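Structure, as structure tokens:
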């Protein structure tokens, strides 16, 4: 099967690396994948996405080639092009409408490209403009399509009902997201929602729970540095542990708009030397560090506020697969991951609870061992990339032979 994957920027992206493993697994299972980023940038940031460059359509949103193809498509299939425009005209407000109109030419172009390259199925990651591009491409080409919704893109409600009605299925990556996505659709479209987790590669052997080594406890937090990932609470937890005489280091891998502010907070609390900010780290390097157990604890104290909520962070899944015990807040889809005693859940905005959980993992070897074993088995049973892609393929194949729509 030849699948066209519409992304935001991947493989030219530092923020969609969790999709790379899925694409590579599709290829391993014998399927051809072509990527179509809505906004391609100049170079792949992560080395593990570099192998996908040759399978990527690199035209920008309003390149000359896109403009020409869009005009040609309006003459070639005028009824379908008009129908696509009518669909996006139903956008719920001006802001969403403008976003969709900006990608309308790209959707027309992609439909022509998909038709010319014998694409069997179009799948978009994110229910926002990538799904809009896929919707338009489907409308003008007649090729079946589907989409994966993540977090904020569900709340945005960018034509969710129309997309659900026209897609063969709509995928959510956690239970709460599946419920919220279905609630945006009218019957019977809501029955198209499928819960298929994002998955990760598993080590060949079940990891052995590490013995606590001498020296500072090494805590890793790998996430975009913004106000919703909980870096402030993590730094305050480190300050509390330090005041207790506890030897600990927090490594904040990643970048984001709040990085300078977080460094200032660490300095103000007197723990800047214990809170390190290395910036963006290659995904492959991060995986190696996890699998060699270079870290004692994986931490993600996300904060849920209004439209911002956590899905199921792939960083936590990767840590659990590698045998690293995790501490995270009970927000978004995280409790769905840390089920069956697979990690420690703490309330959001509670640095004291974070500090207590980290200290428990440092001092109680039996707890640490139990969580490592349970965490790995939870990922093995419910979050492996092989299992997730197999479920995805089942849904893709169910519609890959759908007939092309007539003009």
> Residue separation times 0.36 nm, minus the C-alpha to C-alpha distance between residue 206 and residue 268: what's the value?
Replying inline: 18.1 nm
> Going by a ≥ b ≥ c, the root eigenvalues of the Cα gyration tensor, does the chain fall in the rounded group (a/c under 1.5), the prolate group (a/b larger than b/c) or the oblate group?
Replying inline: prolate
> Between the range 259-319 and the range 138-181, how many Å separate their Cα centres?
Replying inline: 30 Å
> If you take the square roots of the eigenvalues of the alpha-carbon gyration tensor of the range 246-302 and sort them as a ≥ b ≥ c, do you get rounded (a/c under 1.5), prolate (a/b over b/c) or oblate?
Replying inline: oblate
> Assuming R0 = 51 Å, what is the FRET efficiency of residue 366 and residue 280, from their Cβ-Cβ distance, to the nearest 0.05?
Replying inline: 0.90
>> Sequence gap at least 6, Cα distance under 8 Å: using those rules, report the relative contact order of the chain to the nearest whole percent.
In response: 16 percent
> Is the shape of the range 217-382 best called rounded, prolate or oblate, per the rule: a/c under 1.5 gives rounded, else a/b larger than b/c gives prolate, else oblate, with a ≥ b ≥ c the square roots of the Cα gyration tensor eigenvalues?
Replying inline: rounded
> So what is the diffusion coefficient of the range 80-139 in µm² per second by Stokes-Einstein at 4 °C and 1.567 mPa s, using a Kirkwood Rh over Cα pairs?
Replying inline: 113 µm²/s
> With the chain treated as a Gaussian network of Cα nodes joined by springs under 10 Å, which of 200, 96, 372 yields the largest mean-square fluctuation?
Replying inline: 96
> Any idea what the relative contact order of the range 51-172 is, in percent, if you count C-alpha pairs under 8 Å spaced at least 6 apart?
Replying inline: 23 percent
> Who wins for biggest fluctuation among 301, 209, 78 in a Gaussian network model of the chain, springs between alpha carbons below 10 Å?
Replying inline: 78
>> Rounding to the nearest 10 and keeping the result within 0 to 90°, find how far the Cα-based axis of helix 385-397 lies from the longest principal axis of the chain.
In response: 20 degrees
> Over the range 217-382, what is the relative contact order in whole percent, taking alpha-carbon pairs under 8 Å and six or more residues apart?
Replying inline: 24 percent
> Which of 134, 116, 321 moves the most in a Gaussian network model of the chain with Cα springs under 10 Å?
Replying inline: 116
> Helix 365-382: angle to the longest alpha-carbon principal axis of the chain, degrees 0 to 90, nearest 10?
Replying inline: 10 degrees
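Each value in this text was obtained by applying a stated rule to the coordinates, not by laboratory testing. What you see is a predicted model, and the numbers here were worked out from it, not measured in a lab. Using ideal geometry, Cβ is built from the backbone for each residue, glycine included, and neighbour counts are taken over all protein chains shown.
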